[in-house]
Amino acid sequence: MEEKNTPEYIIELEGVTVRYNKASEKIDNLKEYFVKLIKHELMYKEFLALQDIDLKIKKGEAWAIIGTNGSGKSTLLKVISRILKPYRGTLKVNGSIASLIELGAGIDQRLTARENIYMNGCILGYTKKFIAERFDEIVEFAELEDFLDTPVKNFSSGMKSRLGFSVATMVKPDILIVDEVLSVGDVLFRKKCENKMSEMLNNGTTLLFVSHNMETVKKMCNKAIWLNNGKTVMQGDADTVCAEYTGTIADKKAKEKKERAKKEAELKKQAEELAAKRKK
C-alpha cells in the first residue's frame with residue numbers, strides 16, 4: 001500500500017497581496033454616501049496592507065510575526081486563517097487552524113461563559129458530546145469556575161482572553177494562531193498559556209505568534225518574519241531577526257529623541273531672543 005505524500009510545508013504563501021479601498025473624500029452623512037454610490041462618484045485611494053509576501057512554514061515550526069503597529073501582522077494572520085482573501089497571490093494551508101486573532105472574536109457578549117464554550121466548540125467543528133467530555137478541563141484551565149453562568153459582557157479583558165484560549169486549545173489543532181491576546185490578564189495565566197503552547201509545539205502543532213515582547217518571542221519561536229508597511233523586511237532565525245528589529249527600533253527612537261531635543265533647543269533659543277528684544 002502506498003503511503004500518502006505529506007506536503008513539505010503546512011503553510012505556503014506566494015506573492016500574497018491584500019488591497020483595501022480607502023475613501024479619499026469626507027462624506028458627512030449616509031444620504032450623501034448613497035447618492036455618490038449610485039452616481040459612481042465615490043472616490044477611493046488604494047491601500048496595500050500586504051505586498052508580495054512569500055512565506056513557507058513547515059509542520060511543527062514556531063513563527064513570530066513582528067513589526068510596529070500597522071505593519072500588516074494581523075492582516076497576514078487573517079489571510080492564513082482564511083478570514084481575508086488575497087487580492088493577488090496564492091495561499092496553501094494543509095491542516096486545521098485554531099485562531100486567537102482578536103480579543104472577544106467569536107464570543108457572544110450576551111451569552112454566558114458556559115453557553116460560549118458550547119457555541120465556540122461547535123464553530124470549531126466539535127460535537128456537543130465531545131465538548132461535554134472536555135468541559136471541566138476547559139473551565140479549569142480558564143479558571144472561570146465561579147463565573148460559568150455570568151454573561152461574558154461583564155467579563156474583564158483578561159477573563160475573555162482565558163476563555164478564548166481555553167476553547168481554542170481544547171484539542172491539538174495542526175496550526176495555532178495567537179495574536180497579542182495574551183498580553184492582557186495576569187502574569188501567572190500568561191505563563192500557563194506559554195507552557196500550553198510549548199506542550200502543543202512538542203506534540204507537532206505549528207505556531208504563529210504575534211507579540212511586541214521580544215523576549216517572549218525568542219522564548220516561544222525559532223523563526224520570525226519582520227513586516228513593515230505590509231512588506232517583508234527580513235525572515236529567518238528568530239534571534240537574528242529580533243536582534244535586527246530591536247536595533248532598528250532603538251536607532252529610530254534615538255534619532256527621534258535627538259531631533260526632538262534639537263527642536264526644543266531651537267524653540268528655547270527663539271524664546272530667549274524674543275525675551276531679550278522685549279527688554280530692549
Requested in this report: Provide the per residue accessible area, probe 1.4 Å, for the range 134-207, rounded to a whole number of square angstrom.
Outcome: 43 Å²
**Report entry** Signed unit charges on C-beta, dipole axis of the chain, positive-most listed residue M214, S71, T90
**Finding:** S71
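Counting alpha carbon pairs within less than 8 Å and at least 6 residues apart, what relative contact order, in whole percent, applies to the chain?
23 percent
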Report summary line: The extension gain from E199 to I249, computed as 0.36 nm times the residue separation minus the Cα-Cα distance, is 14.8 nm
Query raised in the report: Rounded to the nearest 0.05, what FRET efficiency do K258 and I123 have when you use their Cβ-Cβ distance and R0 = 41 Å?
Result: 0.20
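Per DSSP H run of n ≥ 4, the term is -39500 (n - 2.57); total these for the chain, divide by its residue number, and report the mean residue ellipticity at 222 nm rounded to 500 deg cm²/dmol.
One gets -14000 deg cm²/dmol as the mean residue ellipticity at 222 nm.
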Query raised in the report: Amide H neighbours of I53 under 5 Å, counting only residues 5+ apart in sequence or on other chains, H built in-plane at 1.01 Å?
Result: G15, V16, T17
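So which of K56/K172; K153/K191; K191/K218 end up more than 23 Å apart by C-alpha?
K153/K191
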Query raised in the report: Roughly what would the spin-label model give for T150 and N213, points 7 Å off Cα along C-beta, in nm?
Result: 2.3 nm
Query raised in the report: Sorted by packing (mean other beta-carbon atoms within 10 Å per residue), highest first, where do 155-161, 193-199 land?
Result: 155-161, 193-199
**Report entry** Filtered chymotrypsin sites (Phe, Trp or Tyr not before Pro), the range 192-280: DSSP coil and at most 15 other beta carbons within 10 Å
**Finding:** none
**Report entry** Translational diffusion coefficient (Stokes-Einstein; Kirkwood radius from C-alpha pairs) of the chain at 25 °C, 0.890 mPa s, in µm²/s
**Finding:** 112 µm²/s
Query raised in the report: What dipole magnitude, in Debye to the nearest 20, does the chain give about its Cα centre under +1 on Lys/Arg Cβ and -1 on Asp/Glu Cβ?
Result: 1640 debye
Query - For the range 100-220, with +1 on Lys and Arg beta carbons and -1 on Asp and Glu, the positive-most of P173, M119, A142 along the dipole - result: P173
Report task. Show me 140-153, 256-269 ranked by packing, highest mean number of other Cβ atoms within 10 Å first. Result -> 140-153, 256-269
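The values are calculated or read from the model by the stated rules, or taken from the named source; none is laboratory data. This one's a predicted model, so the numbers in the text were calculated from it and none came from an experiment. Virtual Cβ from ideal backbone geometry, glycine too; neighbours counted across all protein chains shown. Surface areas here come from the heavy atoms of the whole protein model, side chains and all, with no ligands, DNA or RNA. Shrake-Rupley method; radii C 1.70, N 1.55, O 1.52, S 1.80 Å.
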